[in-house]
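A.B. asks: I am attaching a structure below and will ask some questions about it afterwards.
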């Protein structure tokens, strides 16, 4: 531990000699960068992130409006986080995080971009996250990890090589996370699971942006042994249209196929590499049993200080069965409805409220390897499937100070008594217990209440180093089990990889 402290101190001091402005991710959903994007009208597609270097405004990527980002440059960056705290529910014990990291960035004439980041994580988790990490055999949001007594260790790395070919096309390869949608959560793709290797092609014409994304994911849910992880591939595309300065309408399609099965070794299926095809007809033509999902989203800005947004995800759906109202298991879908208000009553006070709901069996497949998940976590929402969630976020920002409060209420159903009730995305739907009369949040119903209050102060703006303090209270209960997690944390951070912890 002494050596780790010395390493962290070295990296922390190194940050003073590095620009450290280029952020890995735009971390907040209500901060000043989100507020700046809100007033940009139809010149940006806020539902497709991370933003594009050299094409989207630089300050939305870097968080810095004072620096000229044009031209060529090479940049060394340092990242660090150090937290300590205590969990006082059940039995009192310490928690904490030590996370040094560094990165390298290159911009050549706003045409070619390269960046690479690495972070080492040494963490003692709060009780609910520690239990989750044990059950998943990974560190949530990070991936492969190993225990060191009460602590977890992991390597977190990512980066990309991006080329702006011309005004229309931009190509990219890398390893990282993506977020599609306008909400705090996403039912399509979010930063819930571990980073993935990917290739991406962006096409921008007029008010339209079309994104092709190909990734490789892994599944070891059947054994919980990372050494037996099975590869699968996912092809995704998104078509985003800023119809007006206030209205965006988008459509998305995803297909998941396993790299090999008992009959063949498919690897990368070239049929899905065509950037302008629809996946469902290709999948049908091949006679394959791949997993195809479709989604829609819309965002409307009634004023420059507010937005209403919506998502609809469809895994499988038969209108005849839907009209019958008999709860057919195969009607698998989810929706999101949200509202954000900026400068609500006073400058710097922002609010967001959001409802997310997903039917049982959504994201599942007949072959477990083709479920819409990566390393034992859902690619979209942290609760996976068969849930209803309501959240409220408040953010107040004045000069260097910020205050955030996150409240989450959720009800979710899990399989019980060995029955397949659609509560686990990593379980085949072939064994669905009920053909009809499936209900929202069926099975073992649990309720969750989560509330986090966080203060932050920008200690050194040039180094982007924040001082944080937070208090979190979490209740979870069902008919067999109740748990309470109350913990306090304080420390310092610079840039971080994106991650959900509020569930």
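The values are calculated or read from the model by the stated rules, or taken from the named source; none is laboratory data. Keep in mind that what you see is a predicted model, and the values were worked out from it rather than measured. Using ideal geometry, Cβ is built from the backbone for each residue, glycine included, and neighbour counts are taken over all protein chains shown.
A.B. asks: Identify the single condition in (1) at pLDDT below 95; (2) over 19 Å from residue 435 (Cα atoms); (3) surrounded by fewer than 22 Cβ atoms within 10 Å (Cβ to Cβ) that residue 330 does not satisfy, given that it satisfies every other one.
C.D. replies: (2)
A.B. asks: Can you pull out every residue in the stretch 219-242 that is part of a loop (DSSP other than H, G, I, E, B) and free of Cβ contacts under 8 Å to residues at least 40 places away in the same chain?
C.D. replies: Across the stretch 219-242, the qualifying residue is only 223.
A.B. asks: Considering only the stretch 186-213, state which residues are within 20 Å of residue 143 (Cβ to Cβ) and in contact (Cβ under 8 Å) with a residue 60 or more places away in the chain.
C.D. replies: Those that are within 20 Å of residue 143 (Cβ to Cβ) and in contact (Cβ under 8 Å) with a residue 60 or more places away in the chain: 186, 189, 190, 191, 192, 193, 194, 195, 196.
A.B. asks: Are there any strands (runs of 3 or more DSSP E) wholly within the stretch 35-150 with 2 or more residues that are touching a residue at least 24 places away in the same chain (Cβ under 8 Å) and in contact with a helix residue (DSSP H, G or I) (Cβ under 6 Å, 6 or more places away or on another chain), and if so which?
C.D. replies: 73-87, 93-108
A.B. asks: Identify the single condition in (1) at pLDDT below 95; (2) in contact with a strand residue (DSSP E or B) (Cβ under 6 Å, 6 or more places away or on another chain) that residue 199 does not satisfy, given that it satisfies every other one.
C.D. replies: (1)
A.B. asks: Within the stretch 234-245, count every residue that is over 14 Å from residue 370 (Cα atoms), in contact with a helix residue (DSSP H, G or I) (Cβ under 7 Å, 6 or more places away or on another chain) and crowded, with 20+ Cβ neighbours inside 10 Å.
C.D. replies: Within the stretch 234-245, residues that are over 14 Å from residue 370 (Cα atoms), in contact with a helix residue (DSSP H, G or I) (Cβ under 7 Å, 6 or more places away or on another chain) and crowded, with 20+ Cβ neighbours inside 10 Å number 1.
A.B. asks: While we're looking at this one, here's another question. So if I check each of 370, 336, which one is closer than 18 Å to residue 192 by Cβ and touching a strand residue (DSSP E or B) at 6+ places or on another chain (Cβ under 6 Å)? Walk me through how you get there before you give the answer.
C.D. replies: On the way: 370 fails: closer than 18 Å to residue 192 by Cβ.
Result of the check over 370, 336: 336.
A.B. asks: How many of the residues in the stretch 354-381 are in a loop (DSSP other than H, G, I, E, B) and either out of contact with any helix residue (DSSP H, G or I) (no Cβ under 8 Å at 6 or more places or on another chain) or under 16 Å from residue 500 (Cβ atoms) (or both)?
C.D. replies: Residues that pass the stated criteria total 12.
A.B. asks: Run down 390, 440 and say which single residue is assigned to a loop (DSSP other than H, G, I, E, B), at pLDDT 95 or above, under 25 Å from the mean Cα position of the chain (by Cα) and surrounded by fewer than 18 Cβ atoms within 10 Å (Cβ to Cβ).
C.D. replies: One residue alone meets the criteria, 440.
A.B. asks: Hey, another quick one. Just checking, which of 248, 231 is within 21 Å of residue 363 (Cβ to Cβ), in contact with a helix residue (DSSP H, G or I) (Cβ under 9 Å, 6 or more places away or on another chain) and modelled with pLDDT of 90 or more?
C.D. replies: Result: 231 is the single residue among 248, 231 that is within 21 Å of residue 363 (Cβ to Cβ), in contact with a helix residue (DSSP H, G or I) (Cβ under 9 Å, 6 or more places away or on another chain) and modelled with pLDDT of 90 or more.
A.B. asks: Taking residue 204 as meeting all but one of (1) in contact with a strand residue (DSSP E or B) (Cβ under 7 Å, 6 or more places away or on another chain); (2) under 22 Å from residue 37 (Cβ atoms); (3) surrounded by 18 or more Cβ atoms within 10 Å (Cβ to Cβ), write down the number of the exception.
C.D. replies: (1)
A.B. asks: Here are the criteria: (1) touching a strand residue (DSSP E or B) at 6+ places or on another chain (Cβ under 6 Å); (2) closer than 27 Å to residue 245 by Cβ; (3) not in a loop (DSSP other than H, G, I, E, B). Tell me which single one residue 154 does not satisfy.
C.D. replies: (2)
A.B. asks: Looking at the stretch 461-482, which of its residues are surrounded by 15 or more Cβ atoms within 10 Å (Cβ to Cβ) and touching a helix residue (DSSP H, G or I) at 6+ places or on another chain (Cβ under 9 Å)?
C.D. replies: 463, 464, 465, 474, 476
A.B. asks: Something else: In the stretch 117-135, which residues are buried (at least 16 other Cβ atoms within 10 Å of the Cβ) and over 20 Å from residue 493 (Cβ atoms)?
C.D. replies: Hits for the stretch 117-135 are 127, 128, 130, 132, 133.
A.B. asks: Could you grab the pairs with beta carbons closer than 6 Å, sequence gap of 6+ or different chains, first residue in the stretch 244-267 and on the phi > 0 side of the Ramachandran plot, second one modelled with pLDDT of 75 or more and in a loop (DSSP other than H, G, I, E, B)?
C.D. replies: Hits for this filter: 267/259.
A.B. asks: Test residue 216 against the stated conditions and say whether it is in contact (Cβ under 8 Å) with a residue 60 or more places away in the chain and not in a loop (DSSP other than H, G, I, E, B). Spell out how you get there, then give the answer.
C.D. replies: Values: in contact (Cβ under 8 Å) with a residue 60 or more places away in the chain: no; not in a loop (DSSP other than H, G, I, E, B): yes.
Answer is no for this residue.
A.B. asks: Can you tell me which of 69, 118 is modelled with pLDDT of 90 or more and either in contact with a strand residue (DSSP E or B) (Cβ under 6 Å, 6 or more places away or on another chain) or closer than 30 Å to residue 342 by Cα (or both)?
C.D. replies: None of the other options fit; the residue is 118.
A.B. asks: Is it the case, given these coordinates, that residue 210 is assigned to a strand (DSSP E or B) and surrounded by 21 or more Cβ atoms within 10 Å (Cβ to Cβ)?
C.D. replies: Working: assigned to a strand (DSSP E or B): yes; surrounded by 21 or more Cβ atoms within 10 Å (Cβ to Cβ): no.
Spelling it out, it is not the case that residue 210 is assigned to a strand (DSSP E or B) and surrounded by 21 or more Cβ atoms within 10 Å (Cβ to Cβ).
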